[in-house]
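Comments concern the structure below.
The values are calculated or read from the model by the stated rules, or taken from the named source; none is laboratory data. It should be emphasised that the depicted structure is a prediction, and the values quoted were computed from it without experimental measurement. Please note: Cβ atoms are built from the backbone with ideal geometry, for glycine as well, and neighbour counts cover all protein chains shown. In case anyone asks, the SASA skips ligands and DNA or RNA and just uses the protein heavy atoms, side chains included. Shrake-Rupley method; radii C 1.70, N 1.55, O 1.52, S 1.80 Å.
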Amino acid sequence: TQLLEQSPQFLSIQEGENLTVYCNSSSVFSSLQWYRQEPGEGPVLLVTVVTGGEVKKLKRLTFQFGDARKDSSLHITAAQPGDTGLYLCAAHNTDKLIFGTGTRLQVFP
Amino acid sequence: NAGVTQTPKFRILKIGQSMTLQCTQDMNHNYMYWYRQDPGMGLKLIYYSVGAGITDKGEVPNGYNVSRSTTEDFPLRLELAAPSQTSVYFCASSPQWAGQPQHFGDGTRLSIL
């Protein structure tokens with residue numbers, strides 16, 4: 001079974017701080033997605049990265065796919081309370097997505 | 001603008017009871033998936049389907065069954081509910097293959113007592 005390990009598992013920070021979440025695997029993937037999930041709702045796609053070394057930006061969020069396509073990171077600049085949620089990475093594997101273990105982020109005002 | 005619709009939103013079952021979780025999508029997506037999410041955890045794939053009439057097992061299929069008679073509907077059946085099946089269940093769909101964005105329903109919160 002391919003595993004996607006996310007770190008840290010929990011993160012609690014003050015508004016305005018920066019943070020980075022990591023998603024690691026021993027396997028190579030053709031693409032990787034990042035989702036955010038708020039309480040009581042399903043996950044919502046933030047971004048898909050496909051090319052090794054690719055960097056994508058979504059406002060204050062920066063996503064990077066590792067050169068070897070085995071890992072990815074999500075960096076948030078100047079976090080806001082609205083960034084609070086569960087962040088999930090997911091890697092494409094034939095007909096399925098394999099989801100990571102998740103990082104629960106709480107941003108206090 | 002419905003997307004993926006799951007019913008019911010909440011349910012409490014007694015051990016040994018059976019029930020069907022409903023999932024329907026109006027986006028004409030070929031691929032559909034069922035996941036379970038335990039408290040504070042990521043999602044584990046139960047079953048998936050790449051088109052009407054085709055289903056396959058995911059990571060944790062034991063205790064569940066699915067069918068896909070139409071493109072729109074992908075119900076999940078629990079035959080003999082067990083406390084270990086207490087979880088939040090999410091249905092999702094994607095247009096062609098898993099690498100494309102998956103669209104999720106809002107989930108069914110199921111408790112087995």
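Listing for the model above:
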item	result
Number of the condition not met by B:Lys9 [criteria: (1) buried (at least 16 other Cβ atoms within 10 Å of the Cβ); (2) within 14 Å of chain A (Cβ to nearest Cβ); (3) under 14 Å from the mean Cα position of the chain (by Cα)]	(1)
Residue ID - farthest from A:Val107 (Cα to Cα), chosen from residues in region A:34-50 that are part of a loop (DSSP other than H, G, I, E, B) and open to solvent by 20 Å² or more (accessible area, probe 1.4 Å)	A:Val50
Filtered residues of region B:29-47 (kept if in contact (Cβ under 8 Å) with a residue 24 or more places away in the chain and of a type outside the set (S, T, N, Q))	B:His29, B:Tyr31, B:Met32, B:Tyr33, B:Trp34, B:Tyr35, B:Arg36, B:Asp38, B:Leu43, B:Ile46, B:Tyr47
Hits in region B:40-85 (condition: among the aliphatic types (A, V, I, L, M), assigned to a loop (DSSP other than H, G, I, E, B) and under 20 Å from A:Pro43 (Cα atoms))	B:Met41, B:Val60
Subset of region A:51-80 that is open to solvent by 50 Å² or more (accessible area, probe 1.4 Å) and not charged (D, E, K, R) - its residue that is farthest from B:Thr108 (Cα to Cα)	A:Ala68
Region B:86-106, residues that are open to solvent by 10 Å² or more (accessible area, probe 1.4 Å) and either touching a Gly at 6+ places or on another chain (Cβ under 8 Å) or away from chain A (no Cβ under 14 Å) (or both)	B:Thr86, B:Val88, B:His103, B:Phe104, B:Asp106
Test: residue in region A:79-95 that is in contact with an Asp or Glu (Cβ under 6 Å, 6 or more places away or on another chain), within 16 Å of A:Leu4 (Cα to Cα) and part of a strand (DSSP E or B)	no
Count of residues meeting criterion [of a type in the set (S, T, N, Q) and open to solvent by 60 Å² or more (accessible area, probe 1.4 Å)] in region B:22-54	2
Region A:61-78, residues that are small (Gly, Ala, Ser) and not in a strand (DSSP E or B)	A:Gly66, A:Ala68, A:Ala78
Candidate set from region A:44-70 (those that are among the aliphatic types (A, V, I, L, M) and within 24 Å of A:Thr94 (Cβ to Cβ)); member that is nearest to the other protein chains (Cβ to nearest Cβ)	A:Leu45
Selection count where residues are open to solvent by less than 60 Å² (accessible area, probe 1.4 Å) and within 12 Å of A:Gln106 (Cα to Cα), scope region A:9-33	3
Every residue from region B:51-81 that is without any contact (Cβ under 8 Å) to a residue 24 or more places away in the chain and either within 12 Å of the chain's Cα centre (by Cα) or within 14 Å of chain A (Cβ to nearest Cβ) (or both)	B:Gly51, B:Ile54, B:Thr55, B:Asp56, B:Lys57, B:Glu59, B:Pro61, B:Asn65, B:Ser67
Restricting region A:23-43 to residues that are under 12 Å from the mean Cα position of the chain (by Cα) and more than 19 Å from A:Val55 (Cβ to Cβ), the residue that is farthest from the other protein chains (Cβ to nearest Cβ)	A:Gln37
Failed condition for B:Thr108, given (1) modelled with pLDDT of 95 or more; (2) out of contact with any Phe, Trp or Tyr (no Cβ under 6 Å at 6 or more places or on another chain)	(2)
Residue match in region A:93-105 (condition: surrounded by fewer than 20 Cβ atoms within 10 Å (Cβ to Cβ) and more than 10 Å from every other protein chain (Cβ to nearest Cβ))	no
